[in-house]
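Below is one structure, written out as structure tokens; comments come after it.
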Amino acid sequence: MDNTLIQRPTLENVRIRTPRDALVVFHGVALNILPLITRRLNIEEWRAVVAGNVYVWEERGVNTETVGLGLERWTDGMAWGPSRIRDEFLFYHQKNPDDDCVPITQSPPWARLTRRNEESSHFPGYSVSSTFRTLPETRNLIKQTYSVHVTLPIDRSKGITRKWHLTAYFSQETLESLHTVESIQGIGGALPPEGWFRSARTTKTSRRDNQSPKALAYPPQRPTRHGEGDEDD
């Protein structure tokens with residue numbers, strides 16, 4: 001049995017609705033208000049993954065290898081279908097062990113919910129429709145990921161840029177009951193200073209389009225298939 005101390009999630013019982021929510025969580029980690037996951041989850045921690053868990057972890061790089069911190073990739077012991085892109089997030093549907101993955105032919109309900117992220121700074125309108133409630137397998141988890149390049153004030157003089165990932169879990173059944181990020185005391189209302197975090201996906205898109213990336217620019221995107229397996233932003 002692994003005697004390593006059990007790692008707690010960065011947040012529990014919380015849903016991530018927008019890139020702004022993700023930035024707020026990253027900011028809380030940068031300020032040491034919220035914990036950063038420093039190693040791959042063990043089997044006991046796999047079993048503790050439930051809807052509402054949010055994990056922030058650092059990708060292993062030259063600045064983390066010497067001290068043994070950082071993860072090469074995220075693993076949770078579960079099987080996932082192909083990813084879909086929505087508003088810079090990647091979403092994966094949990095696969096049942098005895099079922100083949102069924103391709104998704106239309107935007108799922110959570111995608112329609114995330115599409116409303118531009119309504120206002122308070123993000124209203126996240127209600128669940130009657131159609132939503134009638135869908136099968138509402139207890140299966142959905143994994144949501146988001147990645148940023150991190151330039152913290154303490155790292156700037158050393159020229160260090162980190163890459164952090166947010167991995168969150170929710171289900172159709174729990175979407176209404178999970179807490180929102182702005183309800184978290186101490187971090188809920190504040191965005192980080194400009195320049196701390198830059199969306200990794202925005203950077204890729206901007207590079208392809210030969211445009212300069214903007215830290216807080218989140219254009220809506222059509223849902224796009226993105227392969228299978230662990231997240232790889």
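The values are calculated or read from the model by the stated rules, or taken from the named source; none is laboratory data. Model, not experiment: these values are computed from the prediction. Glycine also receives a Cβ, built like all others from the backbone with ideal geometry; neighbour counts cover every protein chain displayed.
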For region 1-16, how many residues meet the condition of being modelled with pLDDT under 95 and crowded, with 18+ Cβ neighbours inside 10 Å?
1
Given the criteria at pLDDT 95 or above, closer than 16 Å to residue 183 by Cα and surrounded by 15 or more Cβ atoms within 10 Å (Cβ to Cβ), does residue 23 qualify?
yes
Any residue in region 144-165 that's farther than 10 Å from residue 58 by Cα and in a strand (DSSP E or B): show its pairings with residues that are among the acidic types (Asp, Glu) and modelled with pLDDT under 90 at Cβ separation under 7 Å, as long as the two are six or more apart or on different chains.
145/231; 145/233
Considering only region 3-31, state which residues are farther than 15 Å from residue 57 by Cβ and either among the aromatic types (Phe, Trp, Tyr) or free of Cβ contacts under 8 Å to residues at least 40 places away in the same chain (or both).
3, 4, 5
